[in-house]
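One structure is given here, and the rest of the page talks about it.
The values are calculated or read from the model by the stated rules, or taken from the named source; none is laboratory data. In this text the structure is predicted, and so the values were computed from the model without any measurement. Cβ coordinates were reconstructed from backbone atoms using ideal geometry, including for glycine residues, and neighbour counts include every protein chain displayed. Ligands, DNA and RNA are excluded from the accessible area calculation, which covers all protein heavy atoms including side chains. Shrake-Rupley method; radii C 1.70, N 1.55, O 1.52, S 1.80 Å.
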Amino acid sequence: MADPKYKRVIVKLSGEALSADKGFGIDQAIVERIAADLAATAKLGVELGVVVGGGNIFRGVEVSNRGVPRPVGDTMGMLATVMNCLVLEAAIERAGVEARTLSALAMTAVCETYNRKRAMKNLAKGRVVLLAAGTGNPFFTTDTTAVLRAAELDCQAVLKATNVDGVYTADPKKDPSATRYDRVSHQEALEKDLKVMDGTAFALARENRLPIIVFSMAAKGAVEAVLRGEGRSTLVG
């Protein structure tokens with residue numbers, strides 16, 4: 001088998017990925033499978049940071065549309081990401097790899113607070129580092145968080161896990177004529193408003209020359225496969 005192409009990466013998971021077909025909450029069987037995938041990848045010697053969304057529990061944008069101030073709604077969404085990270089941390093450790101949750105919002109009774117030096121030390125020790133609470137600021141998505149942390153932590157790529165096997169010209173579930181890109185530039189992704197990540201994330205990745213690999217998390221061993229250059233994916237960069 002081919003060796004992993006990257007030594008240190010950020011994996012970006014949506015919160016919805018943890019809820020499977022339920023649309024809400026946490027599906028423990030899915031969590032165990034994702035954790036096993038991440039643990040197996042870490043055992044290859046790849047240093048993994050993981051950013052998880054919170055949409056399976058709470059969406060700040062949606063509640064702000066109902067009258068809650070956007071900064072308050074976004075903070076509540078950040079707290080949802082902490083819950084997701086904690087459940088993944090426990091599952092990764094059950095799979096035989098040490099993991100640490102670091103939160104951009106200080107909550108010392110629950111987990112450690114994020115800072116760059118602490119995260120780098122944990123990565124160097126082979127621990128999977130779960131990066132919770134987004135950037136710690138409202139108005140930023142967890143997609144932007146993933147690219148920001150990748151730049152901060154000297155990662156070589158961002159692995160964006162989705163429910164489709166790459167970036168398409170349109171939503172392939174709605175448009176059967178949609179075609180998949182094998183490769184697309186950051187600039188083209190911005191100009192064509194490709195929805196796989198928000199514009200701020202693409203712009204930050206372009207400025208830092210960070211490749212984003214978009215792949216499907218549906219199959220067992222998906223993270224390991226994409227790191228070996230196997231399977232279907234789209235390289236943005």
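Would you mention how many residues in the stretch 87-119 are of a type in the set (A, V, I, L, M, F, W, C) and within 23 Å of L44 (Cα to Cα)?
Result for the stretch 87-119: 10.
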Out of (1) part of a helix (DSSP H, G or I); (2) among the hydrophobic types (A, V, I, L, M, F, W, C); (3) open to solvent by 40 Å² or more (accessible area, probe 1.4 Å), the one V87 does not meet is (3)
Options V196, V164: the member that is open to solvent by 20 Å² or more (accessible area, probe 1.4 Å) and within 14 Å of the chain's Cα centre (by Cα): V196
Looking at (1) in a loop (DSSP other than H, G, I, E, B); (2) open to solvent by 60 Å² or more (accessible area, probe 1.4 Å); (3) over 19 Å from S14 (Cα atoms), can you tell me which one E93 breaks? (1)
Looking only at the stretch 106-119, which residues are open to solvent by less than 40 Å² (accessible area, probe 1.4 Å) and either of a type in the set (A, V, I, L, M) or under 14 Å from G49 (Cα atoms) (or both)? Y114, A119
Answer from K5, K22, K43 - the residue that is of a type in the set (K, R) and modelled with pLDDT of 95 or more: K43
Which of the residues that make up the stretch 1-26 are open to solvent by 30 Å² or more (accessible area, probe 1.4 Å), assigned to a loop (DSSP other than H, G, I, E, B) and either over 17 Å from R228 (Cα atoms) or without any contact (Cβ under 8 Å) to a residue 60 or more places away in the chain (or both)? S14, G23, F24, I26
Just to be sure, is L123 under 19 Å from A157 (Cα atoms), out of contact with any Ser or Thr (no Cβ under 6 Å at 6 or more places or on another chain) and open to solvent by less than 40 Å² (accessible area, probe 1.4 Å)? yes
